[in-house]
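Visitor: First the structure, then my questions, so here it is.
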Amino acid sequence: MAPFSVLLVLASAIPGIAALPHVKPFDNLKRQVNFSAGSLQVDLGYAIYEGVANSSTRLNTFKGIRFAAPPIGKLRWQAPVPPTTNRSATISAASFGSMCPQSSNAGSNFGTDTRPSSEDCLFLNVYAPQNASNLPVLVWIHGGGYGVGDGTQDMSNIINANDNAFVGVAIQYRLGAFGFLAGDEVFRNGVTNAGILDQTFAFQWVQAYIELFGGDPSQVTISGVSAGAGSVMLQDIAYGGTLGTSLFVNSISASPYLPQQYGYKDWVPSQSYYAFAAAAGCPPQWAYGNSSQTIFQCLVSKDSPSLIKASASVSSSGTYGSWGFLPVTDGVFIQSAPSQALLHRKVNGLNHLSGNNAEEGSLFVTPNITTENDLVSWIRLVFPLLADDDIAKLLYYYSSSNDSDANATSFATAGDEGTTALNISQTAVGQQQRANNIYSETTFVCPSYWLAEAYNAHGLTGYKYQYSVVNAVHGSDQAAYFGQPTPNMGPDFVLAFQRIWGNFVTTGNPSISASIANGARANGTAQSGLEDWPVFAMWDRRMANLNQTGGTPMESQNAFTGDGYTIYTDPGLTNNLELVDVYEWEGGRGKRCDFWKSVWGLVPE
């Protein structure tokens, strides 16, 4: 039997997986492009779309392109399939498609969005330089805790900042219970990790169609922030790292979100399944008295508003800052805990650029931790599998000398000298900061270390950076590389960050010139080290610390937490980009990341 046929048989035989990425679902559909006489028509075989030319950005944009059939009715909790053919008329690609139903997190205001949504939301958007031909491609996966967000990120600015040297694609995927419902019944009758499979399907679409927009399918970089970066990590380890460069060559993870990842039928995801079913009107006791339908069949038959409400209700009912529906280890697509897959370098692609922010945790940690007893209570709640001895070891690794003065002045740490993140940040001090830092490192920072480490052998290359511009809270970096900067980001810094990403997309190497690293305002041409950015290796653990100096102080406030703090704005901002020892950073962060890796069985990640 030919290898392709073997894959088809395997795909149909595995519960929860309808098609492997080796199988090309769009191959039987014709495609052609017609950009003549002012027309921007793209024929995808299943539909014809008309794009929009932008004379100021010199980009052709195509919004709201359907890449999969609507996952509604019997297609709920199933792997995505190609769209049905609709060639009766040319479809305008001037507007974004519907965003997916939103399910915000518990406790905080992070991710609240009341805009209209629809289950029919598997759309993507393309930003293509005019007259593009065989250009590299940057695919963007939005963040939002796997519960909120959409693919409407404007990619024009980062493309323009890199001389229109690549094509941009922003994708959407199912969220909340629609994308991440798990449990034994889901696995046997559909798929777990449906939202991640949507992303993979979008990558397959890129392989099939991006040439029509001037992109090179052999030079794809996938990228994302937060849960989008966590998604990148899961795509990096998909199918045990056996995909090679079939879907992408490079990957970028900005603050990769790695919550505790359970097996698909473990207690936690199973309880979320039953809670969702009950909220949607399909409780277990209903199924026991109704032999004609299972709980899963009942859920499939429910109307969309009931399911949207149930997903949002369950997701917002957990511990502070948590999300109700998350990726799980299914043994097929995600074959092991990410930390272990990365430890054994079971990865796809060739090159990886990983980053974290200086202050990741404050949005997700309950804001009332003032004593060590409070801290221990929080640890027991968030890490329920840790025994007393494990907690004692955790407190040893996260020792604090500032354990009582909650009114002390908070400030951003230098990272390589003075007070460290163990004790203080710009958003917290004392036990609160201790908790913030624990959550920050286990959930965002250490995964970025592990990703860089995973790409340092067998011809792979990994690079590491930290975004440290005050106030470097979770998600604040996105405004820099996508080019809608906040007042604390100087123009030289924004350009440098955009060129770091752009160079990685086009060459697989994030190095930038001294003139870009120093910025136009610099009085000298000193080398920052980023001109020849070192590969992250066990024997050379250096990363780029991306920061600024100078500026004019201005008081600001975090939109989600309400915290007040001082930022620095123009006039006076200048770049301060340098290489630092990542292992000794923030009082030995590397050792703490090794600790989290060692307890992966108790903190499954």
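Quick note: the coordinates plus some simple rules give every number you see, no bench work behind them. Note that the structure is predicted; figures quoted are calculated from it, not measured. Because the Cβ atoms are built from the backbone with ideal geometry, glycine has one as well, and the counts that use them run over all protein chains shown.
Visitor: Contact order normalised by length for region 358-598, with contacts defined as Cα pairs under 8 Å and 6 or more residues apart; what percent is it?
Guide: Normalised by residue count, the contact order of region 358-598 is 20 percent.
Visitor: While we're here: Using unit Cβ charges (K, R positive; D, E negative) and no other charged atoms, how large, in debye to the nearest 20, is the dipole of the chain about its Cα centre?
Guide: 1700
Visitor: May I ask which of K24/K302; K346/K464; K74/K309; K464/K597; K63/K302; K63/K464 have a Cα-Cα span longer than 23 Å here?
Guide: K24/K302; K63/K302; K63/K464
Visitor: Let me ask something else. Give the percent of DSSP beta bridges with both residues in the chain that are antiparallel, rounded to the nearest 5.
Guide: Of those bridges, close to 50 percent are antiparallel.
Visitor: Please express the Cα-Cα pair-distance distribution P(r) of the chain as a list of whole percents, one per 20 Å bin, running from 0 to the bin with the greatest distance.
Guide: Binned Cα distances yield the sequence 21, 55, 23, 1.
Visitor: Please state the relative contact order of region 337-458 as a whole percent: Cα pairs under 8 Å, 6+ residues apart?
Guide: 41
Visitor: For the pair S118 and E531, how long in nm is the line joining their label points, each one 7 Å along Cα→Cβ?
Guide: Taking the simple label geometry, S118 and E531 are separated by 5.4 nm.
Visitor: Same structure again: Need the C-alpha centroid separation for region 328-396 versus region 463-525, integer Å.
Guide: Result: 27 Å between the Cα centres.
Visitor: Sticking with this structure for a sec: Please compute the net charge surrounding V580, taking Lys and Arg as +1 and Asp and Glu as -1 over other residues with Cβ under 9 Å from its Cβ.
Guide: -3
Visitor: At 222 nm, what helix-only mean residue ellipticity would the chain give, in deg cm²/dmol to the nearest 500, using -39500 (n - 2.57) for each DSSP H run of four or more?
Guide: -8500 deg cm²/dmol
Visitor: Where does each of 91-99, 497-505 land if you order them by average Cβ count within 10 Å, highest first?
Guide: Numbers: 91-99: 17.3, 497-505: 24.7.
In descending order of packing, they fall as 497-505, 91-99.
Visitor: Now, a different point. Considering region 327-396, what Rg and Dmax in Å follow from its alpha-carbon atoms?
Guide: 16.7, 46
Visitor: Also, quick follow-up: Pairs of alpha-carbon atoms within less than 8 angstrom and 6+ residues apart define the contacts here; what relative contact order does the chain have, in percent?
Guide: Once normalised by length, the contact order is 13 percent.
Visitor: So if R0 is 45 Å, what FRET efficiency would Q484 and S292 give, r being the distance between their Cβ atoms, rounded to the nearest 0.05? The partial results should precede the final answer.
Guide: On the way: r = 53 Å, r/R0 = 1.18.
Using R0 = 45 Å, I get an efficiency of 0.25.
Visitor: What's the center-to-center distance, using Cα atoms, between region 549-605 and region 125-198 in Å?
Guide: Cα centroid to Cα centroid, the span is 26 Å.
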